[in-house]
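The values are calculated or read from the model by the stated rules, or taken from the named source; none is laboratory data. The model shown is predicted, which means the values in this text are computed figures rather than measured ones. Please note: Cβ atoms are built from the backbone with ideal geometry, for glycine as well, and neighbour counts cover all protein chains shown.
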């Protein structure tokens, strides 16, 4: 099994020279602990995990003693299980703890960020780690946040590996979780089955005591069937046989544990006919393909969800490029009440950059026609693009590029 270098490593090391406390969040099994263990090799930093019930018990009952037994520099894994530690780490930081003293990780990002903002506001740097990116898996891991700039897109080709349409569906189907992609766990189906079981046993059961685990597993599958689409809680609830209120609470757990994330609809005071419903995406398309029972990339490429899962993959990859550079993602989608839609809108440097995502390898100019709808708003429209399965970069006109998904 080979360690896969992560783009975010550079940010972790830079920030550890300035902040006494670093909190690394992200979904379960994206490689947070593995990366930090790799970075601490050869140092005097020690590691303690709160997955260990004895260590967790001590951290909760006597956090001051826990920190005395595990002095800085230290890596504390799964820190969400002992929120009592945060106020004591704050004391250490306020008393002059050296930069890089505390590395904290956890897989319940919403809860962790709430704890950090309550007790460590202004004292800790918070980074988000995603699953493996295209650049980390198929390139040299040095890409920067995706922008619709011709020079930036051309530069990306020097760091990424080209892919055909079927290559892209192999990437989508295999997913991006290090445990599988590193070769540690070679049986994909067993890996994802174990992932779901562990997630429900630990995270879901922690957030929903007494949850029906089999029913929640069905719920995740029903949600996966709608990845890359506008969220419809009622339809998911009906599929599973639970109330809308229950489905809404269960969906909140999926979001809090970052199994799913949302794109909110873009709107401003001059665009009054836009919808309010978010679109839902899974953090890993391999998990979606597993849950929806597609047995091969070839079948997936021709299946009912081939367009929506490509959109899910593309949006998630763009998000990763920002997380890996510790940048905020100011992303939306556009849809109005006349069903005109733009898959992704990136707001950057005072402009809106519309992106359409299509399975086609030779998209026509009509795909960009909806971009003009943004001209009615108060923020000027910048360069847009159609992201597709074409293998080479081209353009529809000076304001609209045609970009292969492998270039993200």
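Restricted to the stretch 94-119, and to residues that are touching a strand residue (DSSP E or B) at 6+ places or on another chain (Cβ under 6 Å) and outside any strand (DSSP E or B), which residue is farthest from residue 313 (Cα to Cα)? Selected residue: 116. Scanning the stretch 144-158 for residues being closer than 30 Å to residue 111 by Cα and surrounded by 20 or more Cβ atoms within 10 Å (Cβ to Cβ) gives a total of 1. Checked against the criteria, residue 99 counts as closer than 15 Å to residue 44 by Cβ and surrounded by fewer than 17 Cβ atoms within 10 Å (Cβ to Cβ). Among all residues of the stretch 200-215, there is none that is modelled with pLDDT of 95 or more, within 21 Å of the chain's Cα centre (by Cα) and on the phi > 0 side of the Ramachandran plot. Do we find a residue being assigned to a helix (DSSP H, G or I) and either modelled with pLDDT of 95 or more or out of contact with any helix residue (DSSP H, G or I) (no Cβ under 6 Å at 6 or more places or on another chain) (or both) anywhere in the stretch 270-286? Yes; the residues of the stretch 270-286 include at least one that is assigned to a helix (DSSP H, G or I) and either modelled with pLDDT of 95 or more or out of contact with any helix residue (DSSP H, G or I) (no Cβ under 6 Å at 6 or more places or on another chain) (or both).
Against the conditions (1) farther than 14 Å from residue 20 by Cα; (2) part of a helix (DSSP H, G or I); (3) touching a residue at least 12 places away in the same chain (Cβ under 8 Å), residue 51 satisfies every one except (2).
Would you please name the residue that is nearest to residue 315 (Cα to Cα), looking only at residues in the stretch 247-266 that are surrounded by fewer than 17 Cβ atoms within 10 Å (Cβ to Cβ) and without any contact (Cβ under 8 Å) to a residue 40 or more places away in the chain? The extreme case among them is 262.
When the stretch 380-396 is filtered for residues that are surrounded by fewer than 16 Cβ atoms within 10 Å (Cβ to Cβ) and under 17 Å from residue 352 (Cα atoms), only 380 remains.
Taken across the stretch 19-39, residues that are surrounded by fewer than 19 Cβ atoms within 10 Å (Cβ to Cβ) and under 21 Å from the mean Cα position of the chain (by Cα) do occur, with at least one present. Does residue 194 qualify as being over 23 Å from residue 115 (Cβ atoms) and in contact (Cβ under 8 Å) with a residue 40 or more places away in the chain? No: the conditions fail for residue 194. When each of 178, 162 is tested for being modelled with pLDDT of 95 or more and surrounded by 22 or more Cβ atoms within 10 Å (Cβ to Cβ), the lone residue that passes is 178. Just so you know, in the stretch 207-220 the residues that are in contact with a helix residue (DSSP H, G or I) (Cβ under 8 Å, 6 or more places away or on another chain) and in a helix (DSSP H, G or I) include one that is surrounded by the most Cβ atoms within 10 Å (Cβ to Cβ), and it is 219.
Being crowded, with 18+ Cβ neighbours inside 10 Å and either free of Cβ contacts under 8 Å to residues at least 12 places away in the same chain or over 25 Å from the mean Cα position of the chain (by Cα) (or both) is a property that residue 368 has. Of all residues in the stretch 319-342, those that are farther than 30 Å from residue 11 by Cα and in contact with a helix residue (DSSP H, G or I) (Cβ under 6 Å, 6 or more places away or on another chain) total 2.
Yes/no matrix, rows are residues, columns are (1) within 23 Å of residue 131 (Cβ to Cβ); (2) in a helix (DSSP H, G or I); (3) in contact with a strand residue (DSSP E or B) (Cβ under 8 Å, 6 or more places away or on another chain):
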position	(1), (2), (3)
13	yes, yes, no
29	yes, no, no
33	yes, yes, yes
36	yes, yes, yes
56	no, yes, no
65	no, yes, no
87	no, yes, no
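For residue 378, the conditions (1) in contact (Cβ under 8 Å) with a residue 40 or more places away in the chain; (2) under 30 Å from residue 141 (Cβ atoms) are fulfilled apart from (2). Once the stretch 287-306 is narrowed to residues that are in a loop (DSSP other than H, G, I, E, B) and surrounded by 14 or more Cβ atoms within 10 Å (Cβ to Cβ), the residue that is farthest from the chain's Cα centre (by Cα) is 303.
Residue 368 meets each of the listed conditions (1) in contact with a strand residue (DSSP E or B) (Cβ under 6 Å, 6 or more places away or on another chain); (2) within 19 Å of residue 157 (Cβ to Cβ) apart from (2).
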